[in-house]
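Read the structure below first, then the notes.
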Amino acid sequence: MNAFISRARETPPVPDLMALELLASAVLVLDAKGIIRFANAAAEDLFEISVRQLVGVHASSLFGHGEELQRSLAEAMTNQFAAKRQLMDIERAGRDPVQVSLTVVAIHGQPWPVLLELREIEQQLKVDREERLLDQAQANRELLRNLAHEIKNPLGGLRGAAQLLEAELPDPSLKEYTQVIIQEADRLQTLVDRLLAPHRAPHIVGDVNIHEVCERVRSLVLAEHPRGLKIIRDYDISLPEFRGDKVQLIQAMLNIVRNAAQALKPQIKEGDAQITIQTRVTRQVTLAKRRYKLALELHVSDNGPGVPPEIRDRIFHPLVSGREGGSGLGLTLAQTFVQQHEGLIECESRPGCTVFRILLPLL
């Protein structure tokens, strides 16, 4: 609120400028001399300095090779273009330069003649990747749901026929074969039920403390692996409660931590397996094409061998597993439950370090 008031004091009362606060991209509004007269909240985050430090300085001083921007500003002032896009490097004290996509927009008939819109190249690639993941996950869910329903009905008929046949068999030794049919039908039925589980279970929303979820999962996994596995807690206790389905979130996180523990079997035998659960607050996050001021960032990391490269890009796909005998549904279901909370799961992996990152909106 204080930052908003400071902007109002330092900027003439032009109502259109206030709308720029709602944009996810960083925006700077310049006067005819190239001096910054307005900066939105996203610009503060990008440059990592306050609006008071931004307003009043020449825009070119914020960038490496600022002379390129000066030329573009001169062209904008003389109406040589309506909008021009270029790549620039942001200079930040004590940090490596950050490459951004900079759009110079000439504004006609307004008090301030030039607007700059900036997006981090890496951030834009990340947003595009997230959108692809969401679309792909939705397509996978629809495919699985339709496929499960198509399998379910004939599967019940197959099992029933095997039971009737078993009752009519004159030789008891032949029942061994009907039992194989019945048992395999039951196994497939269990698989189908797991595929349909996220769509059947009601979404029960209540107040959720993420650390209660973490502690429940930690105790369950340690009970399954009482020796050789260490689970480290790194919690931000200032995190607020949020509205969500506690049961679904426990299941999602349990699937991820169990997956990590299964990948750590060689390290568990040697006694040096380690999983770290970390919670943090992150700000100004875009999830499912929506911008949130505040989000929960939860990391589950392990010191295992890493995800095999051949399935690294497909680990959230259904029926894809990196271990023998795995169903390939654990991470798929985890992703579904997190996405039902408008969140996102990402994975980065290399030998010796695999990190699953869960983002959940708070505000």
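Looking only at the stretch 240-272, how many residues end up being free of Cβ contacts under 8 Å to residues at least 60 places away in the same chain and on the phi < 0 side of the Ramachandran plot?
Total satisfying the criteria: 16.
Could you grab the pairs with beta carbons closer than 6 Å, sequence gap of 6+ or different chains, first residue in the stretch 43-72 and under 24 Å from Val285 (Cβ atoms), second one of a type in the set (Lys, Arg)?
Within 6 Å, the pairs are Glu48/Arg92; Val51/Arg7.
Picking from Val221, Val217, which residue would you name as being touching a Leu at 6+ places or on another chain (Cβ under 7 Å) and either closer than 29 Å to Gln267 by Cα or free of Cβ contacts under 8 Å to residues at least 12 places away in the same chain (or both)?
Val217
For the stretch 207-219, enumerate the residues that are surrounded by fewer than 14 Cβ atoms within 10 Å (Cβ to Cβ) and under 12 Å from Val257 (Cα atoms).
Ser219
Considering only the stretch 283-315, how many residues are among the charged types (D, E, K, R) and either assigned to a helix (DSSP H, G or I) or surrounded by 20 or more Cβ atoms within 10 Å (Cβ to Cβ) (or both)?
5
Every residue in the stretch 21-52 that is part of a loop (DSSP other than H, G, I, E, B) and touching a Phe, Trp or Tyr at 6+ places or on another chain (Cβ under 6 Å), please.
Across the stretch 21-52, the qualifying residue is only Asp31.
Can you confirm whether Thr190 is β-branched (Val, Ile, Thr), out of contact with any Lys or Arg (no Cβ under 8 Å at 6 or more places or on another chain) and over 20 Å from Leu329 (Cα atoms)?
No, not satisfied.
Which of the residues belonging to the stretch 241-282 are more than 19 Å from the chain's Cα centre (by Cα), part of a helix (DSSP H, G or I) and either within 30 Å of Ala26 (Cα to Cα) or of a type in the set (Gly, Ala, Ser) (or both)?
Passing the criteria: Ala261, Ala263.
Is there any pair with a first residue in the stretch 335-350 that is at negative phi and a second that is among the basic types (Lys, Arg) and at pLDDT below 85 whose Cβ atoms are under 9 Å apart and which are 6 or more apart or on different chains, and what are they?
Close Cβ pairs satisfying both conditions: Thr336/Arg141; Gln339/Arg141; Glu346/Lys126; Glu346/Arg129; Cys347/Arg312; Ser349/Arg312.
Condition first: under 17 Å from the mean Cα position of the chain (by Cα) and either basic (Lys, Arg) or in a strand (DSSP E or B) (or both). Can you find one or more residues in the stretch 233-240 that meet it?
For the stretch 233-240, residues under 17 Å from the mean Cα position of the chain (by Cα) and either basic (Lys, Arg) or in a strand (DSSP E or B) (or both): absent.
Could you look through the stretch 62-93, keep only residues that are part of a loop (DSSP other than H, G, I, E, B) and either among the aliphatic types (A, V, I, L, M) or not assigned by TED's automatic domain parsing to the domain that holds Glu117 (or both), and pick out the one that is modelled with the highest pLDDT?
Ala82
Which pairs have Cβ atoms under 8 Å, sit 6 or more apart or on different chains, and link a residue in the stretch 164-179 that is surrounded by 12 or more Cβ atoms within 10 Å (Cβ to Cβ) to one that is assigned to a helix (DSSP H, G or I) and of a type in the set (Val, Ile, Thr)?
What qualifies is Leu165/Thr178; Glu166/Thr178; Glu166/Ile182; Leu169/Thr178.
The values are calculated or read from the model by the stated rules, or taken from the named source; none is laboratory data. Fair warning: this is a prediction, and the values are worked out from it, not measured in the lab. Neighbour counts are summed over all protein chains in view; Cβ atoms, including those assigned to glycine, are modelled from backbone coordinates with ideal geometry.
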